[in-house]
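Each reported figure results from applying straightforward, stated rules to the coordinates on display, with no laboratory input. Since we're looking at a predicted model, the values are computed, not measured. In this analysis, Cβ positions are derived from the backbone assuming ideal geometry, glycine residues included, and neighbour counts consider all displayed protein chains.
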Amino acid sequence: MRFSDLRKLLEERDYRKEYETYHSRPEQVKRRAMRNKARRSLAGRKDLTDDKDVHHKDNNPMNNDRANLSIVTQHFNRREPRLRK
């Protein structure tokens with residue numbers, strides 16, 4: 001896919017529809033709230049910067065146990081879990 005094709009695809013993306021059909025669903029709202037809560041729980045750590053993410057080791061955002069949370073790079077955290085090394 002060429003860059004111009006990608007740009008056109010992004011320009012055509014309907015974010016409002018995306019929110020209405022997926023992000024506003026109650027289970028997704030809960031999961032997002034728990035991810036935000038995990039970040040707040042580690043907010044005092046000096047190694048948590050804007051370019052880092054809070055990672056749930058078991059890939060379950062509902063499990064905010066301290067032993068399940070770690071601070072990792074955005075690149076690692078946003079990859080498909082099955083592709084992580």
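Considering only region 39-85, how many residues are among the small types (Gly, Ala, Ser) and surrounded by 12 or more Cβ atoms within 10 Å (Cβ to Cβ)? First the steps, then the outcome.
At the first step, the residues of region 39-85 found to be among the small types (Gly, Ala, Ser) are 41, 43-44, 67, 70.
After this cut, where a residue has to be surrounded by 12 or more Cβ atoms within 10 Å (Cβ to Cβ) as well, the list is 41, 70.
Total meeting the criteria: 2.
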Pro61: passes all of (1) touching a Lys or Arg at 6+ places or on another chain (Cβ under 8 Å); (2) assigned to a helix (DSSP H, G or I) but (2)
Can you find even one residue in region 33-51 that is part of a helix (DSSP H, G or I), more than 13 Å from the chain's Cα centre (by Cα) and of a type outside the set (Phe, Trp, Tyr)? yes
Looking for whichever is free of Cβ contacts under 8 Å to residues at least 12 places away in the same chain and within 13 Å of the chain's Cα centre (by Cα) here; the options are His23, His56. Which one fits? His23
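Which one of Val29, Val72 is part of a helix (DSSP H, G or I) and β-branched (Val, Ile, Thr)?
Numbers: Val72 fails: part of a helix (DSSP H, G or I).
So the residue among Val29, Val72 that is part of a helix (DSSP H, G or I) and β-branched (Val, Ile, Thr) is Val29.
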